[in-house]
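Engineer: The structure follows.
The values are calculated or read from the model by the stated rules, or taken from the named source; none is laboratory data. Keep in mind that this is a model prediction, so the values were computed, not measured. No Cβ is skipped: glycine too gets one built from the backbone with ideal geometry, and neighbour counts run over all protein chains shown.
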Amino acid sequence: MSSCIAFIGGGNMASAIIGGLRRAGHPAEDLVVVEPVAAQRERLLADFGVKALAAADASLARAGTVVWAVKPQLFLEAAAPVAPHVGAALQVSIMAGLRTDAIAAATGAARVVRGMPNTPALIGAGITGLFATDGLTEADRAVVDQLLAPTGRTLWVQRESDLDTVTALSGSGPAYFFYLVEHMVAAAQSLGLSEAEGRELALATCAGAAALALQSGEAPAQLREKVTSKGGTTHAAITMLQADGVGASIQRAVAAAHRRAQELGDEFGRAPGAA
């Protein structure tokens, strides 16, 4: 497979991948970006030494892999001038909601991967859920893993519908975390700490707890129980959360995000003409 990679769209997530590839030694001349916004093209050149095209042209035919990183509602418009040049390439989508059959129909490609990244990918700390169509080989999967390595972890799922759950859990998940921290900081301020003090304590505590959970291998419930002594301060807090139904509320929130992911897929994620 050609080492040339074409990006359709040069925004934040595409830039995160491009930056990682460049740091790993991928030649700038083997990266092609189609980006209609002039300021974004200038930034790609300044930051990564990558020249971006204002519009698709025949140079895209060099690409062995195409990364779709445009807004989902702009996909069909963007795909029309690109498709004649990239049908034989591996297609990797990081567009929310668009299903693989729609991508295959618009590009004429047989090998399509759909991914759902999250915003920590911008600093190399994300996780991307991935689904592959039947045409992919193990070598293709390895290419995708290597492509996305600069953004963090990858997790392959067996069914495309599982990506709706990935969207609800990890795609939207950073917002759940920020919401929790927002209210931890507010509580700290109400009890006399400054906003800066509360923010530092809350963020360091959450980051440390996540690191401990990742390294320990124990279930979250077990880790919680280890710091919840009967009659202690943590027990008082957990008892209040349970009384307020916070656990059930979190599960309902994730379920609501899952339903919305399904709705968005139904709205614009199907192949043209599909029932």
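Engineer: Of GLU225, GLU218, GLU195, which residue is assigned by TED's automatic domain parsing to the domain that holds HIS183 and within 20 Å of HIS183 (Cβ to Cβ)? Quick ask: steps written out before the conclusion?
Structural biologist: On the way: GLU225 fails: within 20 Å of HIS183 (Cβ to Cβ); GLU218 fails: within 20 Å of HIS183 (Cβ to Cβ).
Of the residues listed, the single one that is assigned by TED's automatic domain parsing to the domain that holds HIS183 and within 20 Å of HIS183 (Cβ to Cβ) is GLU195.
Engineer: Of the residues THR154, THR100, which single one is of a type in the set (S, T, N, Q), within 20 Å of GLN262 (Cβ to Cβ) and touching an Asp or Glu at 6+ places or on another chain (Cβ under 8 Å)?
Structural biologist: THR100
Engineer: Follow-up question, since we're still on this one. Looking at (1) at pLDDT 95 or above; (2) over 15 Å from the mean Cα position of the chain (by Cα), can you tell me which one LEU155 breaks?
Structural biologist: Single failed check for LEU155: (2).
Engineer: What number of residues within region 16-38 satisfy the criterion of being touching a strand residue (DSSP E or B) at 6+ places or on another chain (Cβ under 9 Å) and closer than 18 Å to ALA125 by Cα?
Structural biologist: So the answer is 5.
Engineer: Which one of these does ARG62 not meet: (1) closer than 19 Å to LEU148 by Cβ; (2) in contact with a Cys (Cβ under 9 Å, 6 or more places away or on another chain)?
Structural biologist: Single failed check for ARG62: (1).
Engineer: Hey, another quick one. Run down ASP162, ASP145 and say which single residue is in the same structural domain as ALA88 (by TED's automatic domain parsing) and without any contact (Cβ under 8 Å) to a residue 60 or more places away in the chain.
Structural biologist: From the options ASP162, ASP145, the qualifying one is ASP145.
Engineer: Now, a different point. Taking region 1-26 as the region of interest, how many residues are in a loop (DSSP other than H, G, I, E, B), out of contact with any Leu (no Cβ under 8 Å at 6 or more places or on another chain) and closer than 21 Å to GLY115 by Cβ?
Structural biologist: Summing the residues that are in a loop (DSSP other than H, G, I, E, B), out of contact with any Leu (no Cβ under 8 Å at 6 or more places or on another chain) and closer than 21 Å to GLY115 by Cβ in region 1-26 gives 6.
Engineer: If we keep just the residues of region 197-228 that are over 27 Å from ALA121 (Cβ atoms) and without any contact (Cβ under 8 Å) to a residue 12 or more places away in the chain, which is surrounded by the fewest Cβ atoms within 10 Å (Cβ to Cβ)?
Structural biologist: ALA221
Engineer: Those residues that are buried (at least 20 other Cβ atoms within 10 Å of the Cβ), outside any helix (DSSP H, G or I) and not acidic (Asp, Glu), I need them from region 27-44; list them, please. It would help to see each step written out before you state the result.
Structural biologist: Within region 27-44, the first condition is being buried (at least 20 other Cβ atoms within 10 Å of the Cβ), and the residues that meet it are 31-35, 44.
Among the residues that remain, those that are also outside any helix (DSSP H, G or I) are: 31-35.
Once the filter is applied, which keeps residues that are buried (at least 20 other Cβ atoms within 10 Å of the Cβ), outside any helix (DSSP H, G or I) and not acidic (Asp, Glu), region 27-44 yields LEU31, VAL32, VAL33, VAL34.
Engineer: For region 102-131, name all the residues that are in a helix (DSSP H, G or I) and either of a type in the set (Gly, Ala, Ser) or in contact with a Gly (Cβ under 9 Å, 6 or more places away or on another chain) (or both).
Structural biologist: Just the residues of region 102-131 that are in a helix (DSSP H, G or I), to begin with: 102-107, 119-123.
The answer is ALA102, ALA104, ALA105, ALA106, THR107, THR119, PRO120, ALA121, ILE123.
Engineer: Condition first: among the aliphatic types (A, V, I, L, M) and either out of contact with any strand residue (DSSP E or B) (no Cβ under 8 Å at 6 or more places or on another chain) or more than 16 Å from GLY126 (Cβ to Cβ) (or both). Can you find one or more residues in region 159-167 that meet it?
Structural biologist: No, that holds for no residue.
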